[in-house]
Amino acid sequence: MAKASQSATVQSSALRRPAEAGRAFSARGVELVALPPAHRISLRAPAGSVAELSKALGLTLPQKPKTSASKGTRTALWLGPDEWLVFDDGAKDPLNDCAGVAALHSAVGISHRNIAASVTGPGAARTVNAGCPQDLSLALFPVGGCSRTILGKAEIVLLRTGDEAFRVECWRSFSDYVLTFLTEGARDAAV
Amino acid sequence: MLLIRCPYCEEDRPELEFRNAGEAHIARSANMAAISDDEFEKFFFIRTNPKGVIFERWRHVHGCGRFFNGARDTVTDRFLTVYKAGEPKPDLSTLASSAPAAYANRPPDQLNAKKTAAKRTATKKKGEA
Ligand SMILES: [Zn+2]
């Protein structure tokens, strides 16, 4: 018993500190906030496995380019013809849900590979456009639209969560660069 | 910035999302060890590098990640068409001519020029003096 409490003390001394935790910036018309950790998987599967995986994940995996599907705290983003990013801001890890699926697929846990930031406000699109060359008008990039793209020199996954709201996912090794870039973008967008 | 159409994303996307992957439709020998040095040289090193339409592989590396093929005019950078990997080489005669775009990329004083470049320069100098 004493041993167990000792090891618990040791564990708590190694706190997980997510990259960019607590980072935020606000300018006139733009709010930039590093989002809390989330469960994430990189999912790859042929068309024949999509139905079974959708059932296990509890949402219909989108099959049209640049579209996403959401249910509760979980969102699946179409990244390519056989590739999805699934993240869950809640307690349930989508990786566990895929574990029981017999149909051919590859689900890789990447919860700690990515960090996410939200960019909101009337200047949100201009902030992202500071380094992302895609057309972010609502006609071409509607709410729920998503795409892997670039921001400056770093690859990001962009999801439009509202008319004036984006979620930016990036690799954690690029996170300082991406958040700094977005901060500068927000500064410019506010002018 | 060039806009390149990705046949998988079904959309024109900025060129920064793409990476060129060399000439397309280069047939790889099924038995590499059996081919002669000359044949290997042709396969491995020799490319057409045309002034005009070239068939190329492209990868939508910062997008869907897929390789696809495209026909591009190397003079104007205009894409005549893009098609999915594995699809047959399209017949160029069925595609629109790239000539107008080629002209559009020239400075206005050279459009539909009847004289040679040397003569044009000479005329210009006279006019200026
Ligand atoms: Zn694509």
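None of the figures in this text is laboratory data; all of them are computed from the coordinates on show. From a predicted model like this one, the values you see are computed outputs, not experimental measurements. Every residue, glycine among them, receives a Cβ derived from its backbone with ideal geometry; neighbour counts consider all protein chains shown.
Quick notes
- Under the Debye formula (equal points on every Cα, no solvent term), log10 I(q)/I(0) of chain A at q = 0.11, 0.13, 0.18, 0.19 Å⁻¹: -0.53, -0.70, -1.16, -1.25
- Under Karplus coefficients 6.51, -1.76 and 1.60, residue-wise ³J(HN,Hα) of the range B:9-25 in Hz, glycine/proline x: 7, 6, 7, 6, 10, x, 4, 4, 7, 10, 9, 6, 10, x, 5, 8, 6
- Amide hydrogen proximity for A:Ser111: with H placed 1.01 Å from N in the peptide plane, the residues at 5 or more positions away or on another chain lying under 5 Å are A:Arg40.
- Selection of trypsin sites (Lys or Arg not before Pro), the range A:122-191, meeting DSSP coil and at most 14 other Cβ within 10 Å: A:Lys153
- For a straight C-alpha distance cut-off of 14 angstrom, the aspartates and glutamates reachable from B:Lys42 (same-chain residues fewer than eight places away being disregarded) are B:Glu23.
- Over the range A:38-111 - Rg/Rh using Cα atoms and the Kirkwood inverse-distance radius: 0.91
- Within 10 Å of each Cβ in A:74-80, the average number of Cβ atoms from other chains: 2
- For B:Val53, residues with placed amide H under 5 Å, excluding near neighbours: B:Thr74
- Counting beta carbons within 10 Å around each of A:His39, A:His112 and listing the fewest first gives the order A:His112, A:His39.
- Dipole of chain A, positive direction: furthest Cα of A:Ala21, A:Ala130, A:Ile156, with charges on the beta-carbon: A:Ala21
- Qualifying trypsin sites (Lys or Arg not before Pro) for the range B:12-51 [loop in DSSP, other Cβ within 10 Å: at most 11]: B:Arg28, B:Arg47, B:Lys51
- FRET E, pair B:Thr48, A:Asp89, Förster distance 56 Å, beta-carbon r, rounded to 0.05: 0.60
- Karplus 3J(HN,Hα) series, Hz, for the range A:101-106 with 6.51 cos²θ - 1.76 cosθ + 1.60 (x for Gly, Pro): 7, 7, 4, 4, 6, 10
- Taking 16 Å as the straight-line reach from the Cα of A:Lys71, the aspartates and glutamates in range (excluding those fewer than 8 positions away in the same chain) are A:Asp88, A:Asp89, A:Asp93, A:Asp97.
- Annotation: the residues B:Met32, B:Met1, sorted from fewest to most other C-beta atoms within 10 Å of their own C-beta, follow the order B:Met1, B:Met32.
- Derived scalar couplings ³J(HN,Hα) [the range B:75-82; Karplus, 6.51 cos²θ - 1.76 cosθ + 1.60; whole Hz; x for Gly, Pro]: 7, 10, 6, 6, 8, 7, 6, 10
- Distances between placed amide hydrogens fall under 5 Å for A:Ile150 paired with A:Ile156, all partners being 5 or more residues away or on another chain.
- Cβ crowding within 10 Å, taken as a proxy for footprinting-reagent exposure, orders B:Asp77, A:Asp89, B:Asp38 from fewest neighbours to most as B:Asp38, B:Asp77, A:Asp89.
- Sequence-distant contacts, meaning Cα pairs under 8 Å at least 6 residues apart, place the relative contact order of the range A:38-111 at 46 percent.
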